[in-house]
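Presented below is the structure to which this report refers.
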Number of protein chains: 2
Amino acid sequence: MSEPQTTSGVADDAAAEVPWLSTAEQRAWRQFLEGTMRLNDVLHRDLERDCGLSLAEYEVLVRLSEAPGRALRMSVLAASLAHSRSRATHTVRRMSERGLVQRVACPGDGRGVNCVMTEEGFALLVASAPAHVRSVRRHLVDRLTAQEFLTLGACLDKVAQACRAGAEP
Amino acid sequence: MSEPQTTSGVADDAAAEVPWLSTAEQRAWRQFLEGTMRLNDVLHRDLERDCGLSLAEYEVLVRLSEAPGRALRMSVLAASLAHSRSRATHTVRRMSERGLVQRVACPGDGRGVNCVMTEEGFALLVASAPAHVRSVRRHLVDRLTAQEFLTLGACLDKVAQACRAGAEP
DNA sequence: CGGGATTACTATAACCTTCAACTATTCACT
DNA sequence: AGTGAATAGTTGAAGGTTATAGTAATCCCG
């Protein structure tokens, strides 16, 4: 990320082997880090305050709302959220304790578990979406031109694909 | 973020009040979410595996390495990391238990605490930086054109500024 | 059919972050 | 000086995430 400031030159050997980041790149990288962190923070806080949902829980509800029968297998849900299966299990357990989703055995595959959205869960999503969209607009979309925002999406999509692929050069 | 799919039209009332996201915007938003999440994940994992450091700990070392005397007051450190003071306290405590930093009373202000990098901490940063930079390049920088990357930084900087300001329109 | 490999998911514990409450010090003002 | 407000930082508990190991069902293929 950033070259350790040193008067001893001890870091220069490393710099010789690794293509370091230019000053401009370094600034861009830090801006990226801080921006994504702060955005995540504020969206999470808004959603928690206004709707009593974490970002992760909201995402679960969105995915389920779009699935046929408002149901998704745990593994599919986890993959679609880019979460570990373990994380999905915990999140869904907490949500089911609140009555937002239900877990039912997967017909046809005894190993599988289907996560189904309850009416209550759907109602909460419907009630929460406007405030959340407003928040996303206010903190992200409205800060950029339409073109910038779409470019942002395209860039991060390339990154996501590389990460998914394991990111060999 | 995304309009709940509904056949009942129950969400349309909300949509009437809130400027929803267009299909293209929605795609961009999800790409952004997934990309930042996966990038964060893979960078964290790489750093942890190669160097035994979390991203947060690495950032602490970077900030300290750039500070005069390789020391920073806790509150300055926390602000510069965009972390809560509490989080900074915990992180620094763990790092000091490993001998990477030291906490010393702040001369001139009895309330303050200075966090000072040890030689060991500096050595670990120097040893870790090359692998981390490689990781950032591989997963982010090299996936984009130079122009795209700088634009990315500029966009997230606008977002960060808005978040810092409290984001009134 | 049957036994090993694979897949699907869960449980436990360790770790990190957040939150709220708390102590100590300094500042502002009379 | 003296008191109330603000600042600096820590603490401990609660909650979420990750890692690891475990159980159960299915698949594969001889």
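The values are calculated or read from the model by the stated rules, or taken from the named source; none is laboratory data. Treat the numbers as computed from the prediction; the structure is a model and nothing was measured. All Cβ positions, glycine included, derive from the backbone under ideal geometry; neighbour counts span all protein chains shown. Note: areas computed on protein heavy atoms with side chains; ligands, DNA, RNA excluded. Shrake-Rupley method; radii C 1.70, N 1.55, O 1.52, S 1.80 Å.
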**Message:** Among the numbered criteria (1) buried (at least 16 other Cβ atoms within 10 Å of the Cβ); (2) within 16 Å of DNA strand D (Cβ to nearest atom), which one does residue A:116 miss?
**Reply:** (2)
**Any hit, the stretch B:123-142, residues being open to solvent by 10 Å² or more (accessible area, probe 1.4 Å), acidic (Asp, Glu) and touching a residue at least 12 places away in the same chain (Cβ under 8 Å)** = no
**Item:** Cross-chain or 6+ apart pairs with Cβ under 8 Å, the stretch A:25-38 first and facing another protein chain (nearest Cβ under 7 Å), then β-branched (Val, Ile, Thr)
**Value:** A:25/B:141; A:29/B:136; A:29/B:141; A:35/B:159; A:36/B:36; A:38/B:159
**Asked** Restricting attention to the stretch B:62-69, does a residue exist that is at pLDDT 95 or above, acidic (Asp, Glu) and surrounded by 18 or more Cβ atoms within 10 Å (Cβ to Cβ)?
**Response** no
**Asked** So which residues in the stretch A:70-102 are of a type in the set (Lys, Arg), more than 15 Å from DNA strand D (Cβ to nearest atom) and open to solvent by 70 Å² or more (accessible area, probe 1.4 Å)?
**Response** none
